[in-house]
């Protein structure tokens, strides 16, 4: 599990929406990028400004799909118009 704190309300809202919808969320922390499911968003109202602790469960990266066929060839069509 990956835990971090933030005071950015927009970021917290994004993580709460991801948690509600069951989607993965991505966070950049230092030089690392963590993608995973949001487990919890806890508010610490006693601190000033208000801070939140967000916990992510890292997910394995998705494999890129293999290209089944090459893209369209426009070069052959361009020669016919000349």
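Here are the numbers:
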item	result
Of residues in region 16-43 being over 12 Å from the mean Cα position of the chain (by Cα) and part of a strand (DSSP E or B), the one surrounded by the most Cβ atoms within 10 Å (Cβ to Cβ)	41
Test for residue 46: is it under 20 Å from residue 9 (Cα atoms) and within 14 Å of the chain's Cα centre (by Cα)	no
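Every number in this text was worked out from the coordinates using simple rules, so none of it is lab data. As the structure is a computational prediction, the values presented were derived from the model and not from experiment. In this analysis, Cβ positions are derived from the backbone assuming ideal geometry, glycine residues included, and neighbour counts consider all displayed protein chains.
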